[in-house]
1. Place the peptides 333-341, 234-242 in order of packing, highest mean first, counting for every residue the other Cβ atoms within 10 Å and averaging per peptide.
2. Sort 264-275, 182-193, 376-387 for me by packing, meaning the mean count of neighbouring Cβ atoms within 10 Å per residue, highest on top.
3. In debye, nearest 20, what is the charge dipole magnitude of the chain about its Cα centre with +1 on Lys and Arg Cβ and -1 on Asp and Glu Cβ, if you could check?
4. Tell me, what is the percent relative contact order of the range 17-119, built from C-alpha pairs under 8 Å that lie six or more residues apart?
5. State, in angstrom, two size descriptors of the range 94-154 derived from its alpha carbons: Rg to one decimal place and Dmax to the nearest whole number.
6. Taking amide H atoms as placed 1.01 Å from N in the peptide plane, list the residues 5 or more away in sequence, or in a different chain, whose amide H sits under 5 Å from that of GLY347.
7. Using Cβ contacts closer than 10 Å as the measure, can you line up GLU171, GLU71 from fewest to most?
8. Calculate the spin-label point distance for CYS362 paired with GLU333, positioning each point 7 Å from the Cα along the beta-carbon direction, and give it in nanometres.
Amino acid sequence: MSRVERTGTRIVGFQDPEMDFQLMRSLGAASFRGGEPGEIFATRGAVEDDPYAWPPAFSALGDRVRQAGEEAAHRDYRVTARDHLLRAAMYYRSAEYFADPFGNEGLRWGRASRETFIAATKFLAERVEPVEIPFEGLMLPGYFMTPAGRAGGAADGRTVLVLTGFDGTGEELYFQAAKAGLERGFNVLVGEGPGQVGCLRVHPTLTFRPDYEKPIGAMIDYALARREVAAERLAVYGISFGGYFVIRAGMHDPRIRALVVNSPIVDLRAYILGFADMDPANPPPLKLAEVDDIPDAEFPRVQKLSFKSACRRFGVDSFAGWLNRLAEFTAGENLAAIKCPTLAMAGAGEGGETAAQLERFCRAVSGPVTRRLFTADEGADMHCQLGNLTLSNAVLYDWLSEVFRK
């Protein structure tokens, strides 16, 4: 006698906290059409608990959904094409995340994410324009977006420059922050600077640099040159490592009229050391050339990939070299130079070092600062509030609306 069940899909996370966080990251994008829980959990089943199995599983999902979107576009089913292509772009991004950062497959999936996202933008109500931003003789990738029904941009020129952090992408920012801003009548400029994933796709030698006020300054130059942007209503928003990047800009660039940091990172080395239980004076003798030969039992695969990604994006070849490089990434020496209104956001589940840097930042800035700590009861205590992007974006854009109303 056959049984009756509700579903064969099981809602199961991962034992590894980083894999679990990346699962929630994909689910978070679903809030703004960047995924479907059923597809994500079906694919999670193929991954089991192996990060090396993640990229082929999610890239295969991306291929399947992209094909469905392209077929819908060919038949002029515009809404169907939009929805499939947007999801495919994020599934490719998810595959790119756990790919070997020195391999070719990650680059291929990253490019597929960008191509699929751009294909989807043809069917959006908003205008999403891929742009190139001049910087030190090169062109940084980005997107300029304007609200639906406003060919000339936001009614009063209100604009947010959004930067992601260590491993986010410009395409992901549409789902994480831009879509919510567009719905509220903001222009959004997405920029990707040295070391960031989208920039490395086109400029593989540009690694992270501590003076991030310089690439952000170039992004602001670009924004203010556009007729859609009002100089008196320009905000800058940094997510994850982007919190450090935009703090550097806030210290040096008075053209920023409102600053949002999620979360405030004023000492990147201390922040990174918060993830590890180790004596920074005696770092492990770990070298990039040796990492793949270390048994998984001694150095788990997730940690191997994270270390290799750090080496790739910071341009180093050892753990000691990485710590030395991180010492240059500090913004604590002149926080009082930040005089514009500031919103400091963080999750209660992000640990003691995050909370300490949040407090340090809020005490040191000269301008008016609003702090918002998201809680587990709100489903928003995780890094970047990926468990509740709807709430996070409501706090962000309602605060900006109040600032620009004054």
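Readers should treat all values here as calculations from the given coordinates under stated rules, not as data from a laboratory. Here the structure is a predicted model, which is why all the values come from computation and not from measurement. Methodologically, a virtual Cβ is constructed for each residue, glycine included, from the backbone with ideal geometry; neighbour enumeration extends over all protein chains shown.
1. Working: 333-341: 16.7, 234-242: 25.8.
So the peptides 333-341, 234-242, ranked by packing, come out 234-242, 333-341.
2. Values: 264-275: 20.7, 182-193: 24.3, 376-387: 19.0.
My ranking of the peptides, most packed first, is 182-193, 264-275, 376-387.
3. The calculated dipole for the chain is roughly 1460 debye.
4. Values: 132 pairs, mean separation 26.9, N = 103.
Relative CO of the range 17-119 lands at 26 percent.
5. 14.8, 42
6. Counting only residues 5 or more places away or on other chains, the set is PHE374, CYS384.
7. Numbers: GLU171 32, GLU71 13.
Sorted ascending by nearby Cβ count, the order is GLU71, GLU171.
8. 2.7
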